[in-house]
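The values are calculated or read from the model by the stated rules, or taken from the named source; none is laboratory data. Note that the structure is predicted; figures quoted are calculated from it, not measured. So basically every Cβ, Gly included, is an ideal-geometry build from the backbone, and we count neighbours across all protein chains shown. What goes into the accessible areas is simple: the full protein's heavy atoms, side chains included, and nothing from ligands, DNA or RNA. Shrake-Rupley method; radii C 1.70, N 1.55, O 1.52, S 1.80 Å.
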Amino acid sequence: MAVRTRIPFARQVLIMQVGVVVVVACLGYGLVAWMLDGRLRDQYGQRALTVARSVAADPAVADAVAAGDPEGAVQPRAERVRARTGALFVVVTDDRGIRLSHPNPDRLGRRVSTDPSDALAGREVVRVERGTLGLSARGKVPLYGRDGRILGEVSVGFDARAIDAELGRVLREMTVFVAGAVLLGVLASVAIGRRLKRQTLGLEPYELVELVHEREAVLHGVGEGVVAVDTRGRTAVCNDEASRLLGVAPERGAPAGDLAPAGTLRDVLTGAREASNLFVTAGERVLVVNRREVRRDRRDLGAVVTLRDRTDLETLARELDSVRILFDALRAQRHEYANRLHTLSGLLQLGHGEEAAEYIGALMEDASRRAPAPENLPDPVSDPYLRAFLSAKAAVAAEKGVRLDVGAGSYVPGRVADPLDVTTVVGNLVDNAVEAARLGRRRPARVEVELLGDGRDLHVTVADSGDGLPEDLRDAAFDDGVSTRDAAPGRPRGLGLGIARRTARARGGDVAFVDADRPAAGGCGAVAVARLPDVLGAEAAR
């Protein structure tokens, strides 16, 4: 089966443009030649008519013709006029059309070869006719006598070969111009073809059509969000998944910075920041963002930003972290209780009852000094969910060598109506404070949590004994990716505080760092405050 070879698009355009230029040039050349030929014939005809009028106006010629030209005076006068004007012939006839002058004397006294009736009828005539001397442009006028009677005609002709010679000369000059125009058109067509090839990146129209179909299929079929940004920072493509993740449906050509609020994600979209598997937050979503610059043939074509939704995975990871924290706490308590039970069992088996009683007393005294268990939390914190959550956090903090205390001023009446948001905010603030205290220079390492219910609102204060936050990081600490600690392998850093703030602001509250002047922080740590509106049950408002 024969394979059909496709002519490249740029070459097709070149061939068509050159063909159009040649056809237009040829049509123009033919039209100008036709119009010029007619104009030259008319000019020569008018010239012949003017010469014929001048001869007919000569009284000597009219008198000679009226007398029958017995002396042959008409012939020499006509020949002199012919010689001066360069005419092919100057013929004077009587009223019967008999020649009285002619360049060839042998034809004198004969009737003219063309019809003289129009001139003898008093009408002037301009025609291109063939006579005894060949084709010529001739003008014929009546010859009037002194009494106004028509005596004959005067016919003057110019050789048609002179017209053709003049036309040939003009056309030769015009041929040079037409050839130059065709050459210029060909060069312009080549330049346009090359420009089209550059603009289409060397792709053929059918390839562009296939690319459009493939792009639509790929962009709207993949599970990742894709945003293409051109070299001017404007949105070229935003697929359905990207619109869903960003919560916007931008028009083509919209500034890329309008797709996200101020922050890390906007910096990535505008090109102010590179991104390679960068974790950011968009609203309540956690996204993995990558940005790749696109180049072809050393030409900058813009960038492609991909977005992957990691919200569910991050939620699962945090839930697993919570489970792990509880498991570690239970494991630590089981290990500690097992050691104490072994000790107590040994004392009893050896018959040291008094020492066993003293050991039990020591254990009870130590339990009162340790981090608060649910039953040892302040009575005003009546919600069992909060008590269990803080107890688990206290156990984990103790494993890290940090004492977690609940402030004496805490007061949370009623039950928590939205525990997920509360634990998201409080948990992130407590985890951040425990790490800061653990890494700080002050000892003992401590964290104090104070909870205060105000109607249905919950106010949270978390203070630590760490080294504190510089002034310029108090607000930047809530940005995605900003952390004072190195990231663990495979886990993002700098998201917890941002998620806590976004969660609080989504409810109309906020999270911020304030001056570290609380006693629990030793006057030198960081103090974070949060306000969570409408998270307590209805009974808390009464």
**OP:** Name the one entry in 96, 53 that is more than 18 Å from residue 127 (Cβ to Cβ) and basic (Lys, Arg).
**Re:** 96
Subject >> Residue among 391, 410 that is at pLDDT 75 or above, of a type in the set (Ser, Thr, Tyr) and within 18 Å of residue 528 (Cβ to Cβ) >> reply: 410
**OP:** Could you check, for the stretch 429-445, whether at least one of its residues is at pLDDT below 80 and within 27 Å of residue 531 (Cβ to Cβ)?
**Re:** no
Original post:
Out of all the residues in the stretch 65-77, is one or more surrounded by fewer than 19 Cβ atoms within 10 Å (Cβ to Cβ), in contact with a helix residue (DSSP H, G or I) (Cβ under 7 Å, 6 or more places away or on another chain), free of Cβ contacts under 8 Å to residues at least 60 places away in the same chain and over 30 Å from residue 177 (Cα atoms)?
Top reply: yes
Subject >> Matching option when the condition is open to solvent by 20 Å² or more (accessible area, probe 1.4 Å), of a type outside the set (Ser, Thr, Tyr) and modelled with pLDDT of 80 or more, among 405, 366, 379 >> reply: 405
**OP:** Working only within the stretch 472-492, note down all residues that are modelled with pLDDT of 60 or more and over 19 Å from residue 439 (Cα atoms).
**Re:** 472, 475, 476, 478, 479, 480
Original post:
Any idea which of (1) over 38 Å from the mean Cα position of the chain (by Cα); (2) closer than 25 Å to residue 265 by Cα; (3) modelled with pLDDT of 85 or more; (4) acidic (Asp, Glu) is the one residue 510 doesn't satisfy?
Top reply: (1)
**OP:** Could you look through the stretch 243-263, keep only residues that are touching an Asp or Glu at 6+ places or on another chain (Cβ under 8 Å) and closer than 16 Å to residue 304 by Cβ, and pick out the one that is surrounded by the most Cβ atoms within 10 Å (Cβ to Cβ)?
**Re:** 245
Original post:
Among 38, 72, 68, which is the only one that is of a type in the set (Gly, Ala, Ser) and more than 19 Å from residue 154 (Cα to Cα)?
Top reply: 38
Original post:
Do we have residue 136 as in a strand (DSSP E or B) and either in contact with a Cys (Cβ under 9 Å, 6 or more places away or on another chain) or small (Gly, Ala, Ser) (or both) here?
Top reply: yes
**OP:** Would you tally the residues in the stretch 20-49 being open to solvent by less than 60 Å² (accessible area, probe 1.4 Å) and closer than 25 Å to residue 87 by Cβ?
**Re:** 8
Original post:
Taking strands (runs of 3 or more DSSP E) that fall entirely within the stretch 397-467, which contain at least 2 residues that are among the acidic types (Asp, Glu), on the phi < 0 side of the Ramachandran plot and touching a residue at least 60 places away in the same chain (Cβ under 8 Å)?
Top reply: 457-464
Original post:
Take the residues of the stretch 264-296 that are basic (Lys, Arg) and modelled with pLDDT of 80 or more: which is farthest from the chain's Cα centre (by Cα)?
Top reply: 273
Original post:
Does residue 101 fit the bill of being over 14 Å from residue 57 (Cα atoms), at pLDDT 85 or above, open to solvent by less than 20 Å² (accessible area, probe 1.4 Å) and among the small types (Gly, Ala, Ser)?
Top reply: yes
